């Protein structure tokens with residue numbers, strides 16, 4: 001006699017019949033997030049330029065200073081372009097059973113978190129977030145830090161709605 005009975009089945013699923021997560025319409029984050037990362041890059045650029053000015057005044061000749069300024073300028077042009085591309089690559093979606101978060105334009109990463117794996121969610125705001133009117137939603141899972149996600153650049157109302165929806169789903173799945 002089979003100890004599991006006739007109720008145990010483990011049939012193979014046809015991979016072609018699985019839903020395509022990329023068919024989801026992702027919601028983009030606020031443009032204020034792009035402003036935030038550009039402000040942070042700009043502050044870092046000013047610090048680098050100040051240090052270059054000190055080096056020029058005390059240690060470098062004009063040729064070395066011009067070369068250093070060119071390298072720094074190219075680096076920051078790349079950083080501002082990178083900020084824009086990063087901003088364009090961010091997106092999230094809430095489905096019936098999970099949360100999807102995508103990011104990256106060279107190396108794309110998409111994280112799908114089922115609601116039954118969510119432990120809790122929190123909203124955080126640093127000084128720039130408060131000035132620009134945005135928030136970050138952090139979702140913590142039972143899978144450890146590698147499966148946790150943080151969605152930056154959300155409007156505070158949106159972050160609160162998402163947090164409450166997650167809390168509701170978590171409670172609903174517990175009963």
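Quick notes on this structure:
- Number of the condition not met by residue 79 [criteria: (1) more than 30 Å from residue 56 (Cα to Cα); (2) more than 14 Å from the chain's Cα centre (by Cα); (3) surrounded by 15 or more Cβ atoms within 10 Å (Cβ to Cβ); (4) modelled with pLDDT of 95 or more]: (1)
- Criterion violated by residue 122 - all others in (1) within 22 Å of residue 31 (Cβ to Cβ); (2) more than 14 Å from the chain's Cα centre (by Cα) satisfied: (1)
- Residues that are exposed (fewer than 13 other Cβ atoms within 10 Å of the Cβ) and within 12 Å of the chain's Cα centre (by Cα), drawn from the range 82-97: 88
- Options 163, 109: the member that is at pLDDT 90 or above, exposed (fewer than 12 other Cβ atoms within 10 Å of the Cβ) and closer than 20 Å to residue 33 by Cα: 109
- Unique match (being at pLDDT below 95 and over 17 Å from residue 147 (Cβ atoms)) among 39, 54: 54
Residues are listed down the side, and each one gets a yes or a no for (1) touching a residue at least 12 places away in the same chain (Cβ under 8 Å); (2) out of contact with any helix residue (DSSP H, G or I) (no Cβ under 6 Å at 6 or more places or on another chain); (3) under 23 Å from residue 41 (Cβ atoms); (4) surrounded by 13 or more Cβ atoms within 10 Å (Cβ to Cβ):
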site: 99; (1), (2), (3), (4): yes, yes, no, yes
site: 102; (1), (2), (3), (4): yes, yes, yes, yes
site: 128; (1), (2), (3), (4): yes, no, yes, yes
site: 142; (1), (2), (3), (4): yes, no, no, no
site: 151; (1), (2), (3), (4): yes, yes, yes, yes
site: 168; (1), (2), (3), (4): no, yes, no, no
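- Restricting the range 1-27 to residues that are outside any helix (DSSP H, G or I) and surrounded by 10 or more Cβ atoms within 10 Å (Cβ to Cβ), the residue that is modelled with the lowest pLDDT: 24
- Of all positions in the range 72-87, none carries a residue that is assigned to a helix (DSSP H, G or I), farther than 30 Å from residue 152 by Cβ and free of Cβ contacts under 8 Å to residues at least 12 places away in the same chain.
The values are calculated or read from the model by the stated rules, or taken from the named source; none is laboratory data. All of these numbers come straight from a predicted model, not from anything done at the bench. In this analysis, Cβ positions are derived from the backbone assuming ideal geometry, glycine residues included, and neighbour counts consider all displayed protein chains.
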